[in-house]
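**Q** My questions will all concern the structure given below.
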Amino acid sequence: MLTEHGYHDTTMADIAKHAGIGQGTLYRYVPSKRDLLDLVFDYSVEEVVGAAEPVLRVDEPLTTAAELIDRLDAAVEALTALFGRRPELLALVLVEASAIDEELKLRVLGLESTVVRMLARLCEDAQESGFLRADVDPQVCGLLVTKSLLPPGLREVLGRGDQQTRDRYRQATLDFFRHALLAAEPAS
Amino acid sequence: MTPRPPADRRTQLAQAAFEVFTDRGYRNTSVADIVAAAGVSHGSFYNYFTNKREVLDAAIDFGLESLGPQLHPTAEPAVDLDGFLRALTAPLRAMHEFAATNDRLISLIVFDAAAIDEALTNRIVEIVDSFAQATRHQIDHGVAAGFLRPGLDTEVLSEMLVAMSLVVLLPAQGGATLPGGLDHVIAQVEAMLRAGLAAPA
């Protein structure tokens, strides 16, 4: 309901009707529309993190430098597939934008720092295995890689994404980080 | 930021709006606050703007005109790799300093724009795009001059680099402090750009 009709145009009565429950029942679980949005947001975050995390956090240590790039690639692909399957998760970003307040801002920042932490861990692992340049700071690296995902993400949110463009961003991003982060191959 | 003497009443209102918006946020500001800050009458506000939303555009124009130039990579193409890295990292420091004193504006751009309306979202996308164009100009030139790798997708890369530079705004957004501080982050960005873009020696 929220992603289809927008935050301000959806009432609690609409939501109760859509769910086929009484308004009283709805209010017993969620005291307000704002609380409902928080629930939806948290649920979406779980889905997004759930899609990316298993790909990024494999227990096996990295054995080749190419694997680091492959994992990044696989995470982006898992996310793209998730958004393809569930476009309403992206639409939610716009819903939130119209209901933004200090608290939601903190939630958005919290989501960003979760992604940053996952990527920083991946960079740490790669550095321990000797695939990442020794002078790369994994924390800064996590931040920068997260930000680099913004332009293609924004395109999707604005509905300007298509397969060809996605592939192009993916290629350019991976090519850049392959050069920017990986330690030089030992001479064989 | 040094306030300029207002060239005319419209600029005077735009400047006042910029200051009030960045100080209190868009939503917490009324037309009455803007006219009070500008020291003009309510009536004269409506000679120039029909409502608060319209003066927001003028306020953004004002902000960009007075602060924009130092936030862009310079238009003068760099002649070597070190010059290129300086041109691309100089705006990071300017952005960080700008954001530290104008955190409300950053919040306005990052969080409120999409809430206000689609036209403003598009405006912000255009502004970011102008930053990307300036960056692309530098990269294209570097490839042509031979100190950057050939075959770079400069259009996509420049967008990506602009997005990456937003990292210095993090503290102003209410996010975490920069790990290791601003100088460390800039040094990391520089090292990444060098390794990521330089032509093989």
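The values are calculated or read from the model by the stated rules, or taken from the named source; none is laboratory data. Quick caveat: nothing in here was measured; it's all calculated off a predicted structure. All Cβ positions, even for glycine, are placed from backbone atoms using ideal geometry, and neighbour counts span all protein chains on display.
**Q** Scan region A:145-171 and report the pairs whose first residue is within 9 Å of chain B (Cβ to nearest Cβ) and whose second residue is buried (at least 17 other Cβ atoms within 10 Å of the Cβ) and among the small types (Gly, Ala, Ser), with Cβ atoms within less than 7 Å and a gap of 6+ or a chain change.
**A** Listed by first residue and then by second, the contacts come to A:Lys147/B:Ala163; A:Ser148/B:Ala163; A:Leu150/B:Ala163; A:Pro151/B:Ala163.
**Q** Among the candidates B:Val125, B:Val162, B:Val189, which residue alone is closer than 20 Å to B:Ile60 by Cβ, at pLDDT 90 or above, facing another protein chain (nearest Cβ under 9 Å) and part of a helix (DSSP H, G or I)?
**A** B:Val162
**Q** State yes or no: is A:Ala172 out of contact with any helix residue (DSSP H, G or I) (no Cβ under 7 Å at 6 or more places or on another chain) and small (Gly, Ala, Ser)?
**A** No: the conditions fail for A:Ala172.
**Q** Sticking with this structure for a sec: Out of (1) facing another protein chain (nearest Cβ under 10 Å); (2) modelled with pLDDT under 85; (3) surrounded by fewer than 17 Cβ atoms within 10 Å (Cβ to Cβ), the odd one out for A:Leu104 is which?
**A** (3)
**Q** Can you spot a residue in region B:104-115 that is more than 10 Å from chain A (Cβ to nearest Cβ), part of a helix (DSSP H, G or I) and at pLDDT 85 or above?
**A** Within region B:104-115, none of the residues are more than 10 Å from chain A (Cβ to nearest Cβ), part of a helix (DSSP H, G or I) and at pLDDT 85 or above.
One line per residue, one yes/no per condition, for (1) closer than 30 Å to B:Gly142 by Cβ; (2) touching a Phe, Trp or Tyr at 6+ places or on another chain (Cβ under 6 Å); (3) among the small types (Gly, Ala, Ser); (4) in contact (Cβ under 8 Å) with a residue 12 or more places away in the chain:
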site: B:Arg9; (1), (2), (3), (4): no, no, no, yes
site: B:Ala16; (1), (2), (3), (4): no, no, yes, yes
site: B:Ser44; (1), (2), (3), (4): no, no, yes, yes
site: B:Ala58; (1), (2), (3), (4): no, no, yes, yes
site: B:Gly83; (1), (2), (3), (4): yes, no, yes, no
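**Q** Taking region B:28-48, which residues are of a type in the set (Phe, Trp, Tyr) and farther than 11 Å from B:Arg9 by Cα?
**A** Scanning region B:28-48 gives a single hit, B:Tyr46.
**Q** Can you say whether A:Arg168 is of a type in the set (Lys, Arg) and closer than 16 Å to B:Leu197 by Cα, as far as the supplied structure shows?
**A** Spelling it out, it is not the case that A:Arg168 is of a type in the set (Lys, Arg) and closer than 16 Å to B:Leu197 by Cα.
**Q** Can you tell me which residue among B:Leu120, B:Leu161, B:Leu169, B:Leu193 is touching a residue at least 60 places away in the same chain (Cβ under 8 Å) and farther than 21 Å from B:Thr74 by Cβ?
**A** B:Leu120
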